[in-house]
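A.B. asks: Let me begin by handing over the structure; questions about it come next.
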Amino acid sequence: MGAEFTTGKLACLFTGSIWAEGPLWVPSSRTVRWSDIPNDRILEFDPATGTTGEYALGVEFTNGRTLGSDGSVIQCSHGRRRVERDSGGAVTGLVDSFQGSRLNSPNDVVVARDASIWFTDPPYGILPGTKEGHEGEQEYGGCYVFRLEPASETLTAVITDLVYPNGLAFSPDESILYVADTAGPGHGVPLRVVSYEVRGGICRRSGTILELEEGHPADGLRVDVQGRIWTSAGPAVRIYSPSFELLEIIAVPETVSNLCFGGPDGQDLYITATTSLYRIRTTTRDARAAARP
Ligand code: MG
């Protein structure tokens, strides 16, 4: 292992959240936007000034977000149990139910090149005693990965064999979808990242599974232009080859929830980790940013 994927040191940019999640580089404002879920607010870091401010308060516990094909921000809301769009601060719902039952608490989301919206739906925002949403029932009886076709508003359950699907990311050519499952041994499965072959909107398990040790769950993850997987893994970001060979570990002082590539050239890695936002310079970019500059 060598430091060929990152340069320089990890820098802490902000501290003061309870559980930071869902980072996204927003090209239109040249800022990093992320969720402080228990504090029910969205924060924004401006690298030009080095300052962090509150983008929005009382946001119904947003979690993961991604860039929509029109440049708007697509985000998950635990409290509203839906996936929604933020267009310059105007928030509208995209989907909140499956076959007549409410979603659990959408957690993380990606948009494919065909503009379809793929998201995970574990129950973290409705569990008893949750501080990340409102207690409620799992109405459709599972925790699925969904694909929303925005033009027809058709919602399809594309993955139904994970326990608590969480972070997700496509390979550069979108032939593989990687999905983290954060349920863990307490639910009879290992902490893991599972890869699925994707064809025509259908997902089939590829047979490749990354198992992580206890205390090191993969929550949010991203894929770079070379197809490598950059995943949260406890107090670290780990970089894996497409076949899950461990390439590098970036130690982080706090438990990492999620990450995103960003910055003016897309080569800065922003990391949300418990109370803080961190950044480290890399030698690569997000697969999706490269596909759609
Ligand atoms: Mg997550």
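The values are calculated or read from the model by the stated rules, or taken from the named source; none is laboratory data. In this text, all values refer to a predicted model and were calculated from it rather than measured experimentally. No Cβ is skipped: glycine too gets one built from the backbone with ideal geometry, and neighbour counts run over all protein chains shown.
A.B. asks: Give Thr15, Thr49 a once-over and let me know the one that is closer than 15 Å to Arg279 by Cα, surrounded by fewer than 18 Cβ atoms within 10 Å (Cβ to Cβ), free of Cβ contacts under 8 Å to residues at least 12 places away in the same chain and out of contact with any helix residue (DSSP H, G or I) (no Cβ under 8 Å at 6 or more places or on another chain).
C.D. replies: Values: Thr15 fails: free of Cβ contacts under 8 Å to residues at least 12 places away in the same chain.
After ruling out the rest, the residue left standing is Thr49.
A.B. asks: Does Glu174 satisfy being surrounded by 14 or more Cβ atoms within 10 Å (Cβ to Cβ), on the phi > 0 side of the Ramachandran plot and away from the ligand (no atom under 16 Å from the Cβ)?
C.D. replies: Answer is yes for this residue.
A.B. asks: Those residues that are charged (D, E, K, R) and either surrounded by fewer than 21 Cβ atoms within 10 Å (Cβ to Cβ) or over 16 Å from the mean Cα position of the chain (by Cα) (or both), I need them from the range 231-284; list them, please. Step through it out loud before you land on a result.
C.D. replies: Going residue by residue through the range 231-284, those that are charged (D, E, K, R) are 238, 245, 248, 254, 265, 268, 279, 281.
Hits for the range 231-284 are Glu245, Glu248, Glu254, Asp265, Asp268, Arg279, Arg281.
A.B. asks: Return the total of residues in the range 160-194 being closer than 15 Å to Arg204 by Cβ and part of a loop (DSSP other than H, G, I, E, B).
C.D. replies: 6
A.B. asks: Moving on to the next point. Just the residues that are surrounded by fewer than 22 Cβ atoms within 10 Å (Cβ to Cβ) and either at pLDDT below 95 or closer than 24 Å to Arg30 by Cα (or both), please, taken from the range 85-110. Spell out how you get there, then give the answer.
C.D. replies: As a first pass, look at the range 85-110 and keep what is surrounded by fewer than 22 Cβ atoms within 10 Å (Cβ to Cβ): 85-102.
Correct list: Arg85, Asp86, Ser87, Gly88, Gly89, Ala90, Val91, Thr92.
A.B. asks: On to the next question. So which of Glu153, Glu137 is surrounded by fewer than 16 Cβ atoms within 10 Å (Cβ to Cβ), of a type in the set (Asp, Glu) and at pLDDT below 95?
C.D. replies: Values: Glu137 fails: at pLDDT below 95.
Of Glu153, Glu137, the one residue that is surrounded by fewer than 16 Cβ atoms within 10 Å (Cβ to Cβ), of a type in the set (Asp, Glu) and at pLDDT below 95 is Glu153.
A.B. asks: On the given criteria, is Thr62 in contact with a helix residue (DSSP H, G or I) (Cβ under 9 Å, 6 or more places away or on another chain) and either within 16 Å of the ligand (Cβ to nearest atom) or among the charged types (D, E, K, R) (or both)?
C.D. replies: So Thr62 does not fit the description; no.
A.B. asks: Follow-up question, since we're still on this one. Identify the single condition in (1) without any contact (Cβ under 8 Å) to a residue 40 or more places away in the chain; (2) in contact with a Lys or Arg (Cβ under 6 Å, 6 or more places away or on another chain); (3) within 16 Å of the ligand (Cβ to nearest atom) that Thr231 does not satisfy, given that it satisfies every other one.
C.D. replies: Just one mismatch for Thr231, condition (1).
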